[in-house]
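Asker: Below is one structure. I have some questions about it.
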Amino acid sequence: MKSYMHITESGYDPERGKPIKDPYLGDQPSLGACMPNIRRLVVRGDHIFTMSGKTPGVQQLVVGGFEVAEKISALTAWRRFPEQRLRVVDGQVTGNVIVDSRGRQHPLDHHENFASRIKNYIVGRDAVALTTHREIERGRGETLYMLRQLLRKNGDSPIQVMGRWCKLDERQTRELIDWLLEIKSGH
């Protein structure tokens, strides 16, 4: 088992920025269009973790992660997960299925390299996500320290410690999951 952790786009934060729409860390976690390199590399049983994007005046945090259950095409995701289709809610684009009913690029999707982004839609299971204000604030306060310990590397920001994304081994994956679960349990 291996895992990958990545930093989402600048300005995306669960409380103080734009809502993180990809990955989706709810009941049926998924990663649809972002990080095609990670989506290509993972196999069933691996994990994917996401960190909030750089947002002015806000400490970044590991928002959560999930285990990879399967890889499917974006068109299959369009059929199976209608709630994840791109749409506008309260003035914000949401969803992570970037195709229309015919498998063409959805008008709300503005990614380049569309053909590479519709492969390997990741369906997950067993998501662990920091969702309450208390969990998010604790995550903010501990993320940089956790990354330094986990990766055995110093830096003043998550990108200095891990880059845009990094691969984690089994020990690191378990430690990260345990840390997220500890925050969620309130201990």
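The values are calculated or read from the model by the stated rules, or taken from the named source; none is laboratory data. This is a predicted model, so every value here is computed, not measured. When we count neighbours, we look across all protein chains shown, and the Cβ atoms used for this are built from the backbone with ideal geometry, even at glycine.
Asker: Within region 119-126, does at least one residue satisfy the condition of being surrounded by 14 or more Cβ atoms within 10 Å (Cβ to Cβ) and among the acidic types (Asp, Glu)?
Answerer: no
Asker: So which residues in region 135-187 are within 18 Å of the chain's Cα centre (by Cα) and among the basic types (Lys, Arg)?
Answerer: If the condition is that a residue be within 18 Å of the chain's Cα centre (by Cα) and among the basic types (Lys, Arg), then ARG140, ARG164, LYS167, ARG174, LYS184 are the ones that fit.
Asker: If you don't mind, there's one more thing I want to ask. Which condition from (1) touching a strand residue (DSSP E or B) at 6+ places or on another chain (Cβ under 6 Å); (2) under 26 Å from LYS2 (Cβ atoms) is the one that TRP78 breaks?
Answerer: (2)
Asker: Just need a number here: residues in region 15-43 that are in contact with a helix residue (DSSP H, G or I) (Cβ under 6 Å, 6 or more places away or on another chain) and under 21 Å from GLU137 (Cβ atoms).
Answerer: Counting residues in region 15-43 that are in contact with a helix residue (DSSP H, G or I) (Cβ under 6 Å, 6 or more places away or on another chain) and under 21 Å from GLU137 (Cβ atoms) gives 1.
Asker: Pairs only if they're at least six apart or on different chains, beta carbon under 9 angstrom, first in region 69-87 and hydrophobic (A, V, I, L, M, F, W, C), second in a helix (DSSP H, G or I); list them, first residue then second.
Answerer: Sorted first by the residue in region 69-87, then by its partner, the pairs are ILE72/ARG80; ALA74/ARG117; ALA77/GLN84; TRP78/GLN84.
Asker: Which condition from (1) farther than 22 Å from LEU41 by Cβ; (2) exposed (fewer than 12 other Cβ atoms within 10 Å of the Cβ); (3) charged (D, E, K, R) is the one that ARG171 breaks?
Answerer: (1)
Asker: Mind checking which residues of region 37-70 are surrounded by fewer than 17 Cβ atoms within 10 Å (Cβ to Cβ) and either over 24 Å from TYR145 (Cα atoms) or basic (Lys, Arg) (or both)?
Answerer: Residues satisfying the conditions are ASN37, ARG40, LEU41, VAL43, ARG44, GLY45, ALA69, GLU70.
Asker: Which residue, of ASP22, ASP27, ASP46, is of a type in the set (Asp, Glu), modelled with pLDDT of 95 or more and more than 11 Å from ASN120 (Cβ to Cβ)?
Answerer: On the way: ASP22 fails: modelled with pLDDT of 95 or more; ASP27 fails: modelled with pLDDT of 95 or more.
After ruling out the rest, the residue left standing is ASP46.
Asker: Looking at ASP169, is it charged (D, E, K, R) and under 17 Å from PRO23 (Cα atoms)?
Answerer: Working: charged (D, E, K, R): yes; under 17 Å from PRO23 (Cα atoms): no.
Criteria not met by ASP169.
Asker: Scan region 142-164 and report the pairs whose first residue is in contact (Cβ under 8 Å) with a residue 24 or more places away in the chain and farther than 18 Å from PRO56 by Cα and whose second residue is in a helix (DSSP H, G or I) and polar (S, T, N, Q), with Cβ atoms within less than 7 Å and a gap of 6+ or a chain change.
Answerer: These pairs meet every condition: LEU150/GLN172.
Asker: Also: Determine whether VAL62 is modelled with pLDDT of 95 or more, of a type in the set (A, V, I, L, M) and out of contact with any strand residue (DSSP E or B) (no Cβ under 6 Å at 6 or more places or on another chain).
Answerer: On the way: modelled with pLDDT of 95 or more: yes; of a type in the set (A, V, I, L, M): yes; out of contact with any strand residue (DSSP E or B) (no Cβ under 6 Å at 6 or more places or on another chain): no.
Considered against the rule, which asks whether it is modelled with pLDDT of 95 or more, of a type in the set (A, V, I, L, M) and out of contact with any strand residue (DSSP E or B) (no Cβ under 6 Å at 6 or more places or on another chain), VAL62 comes out as no.
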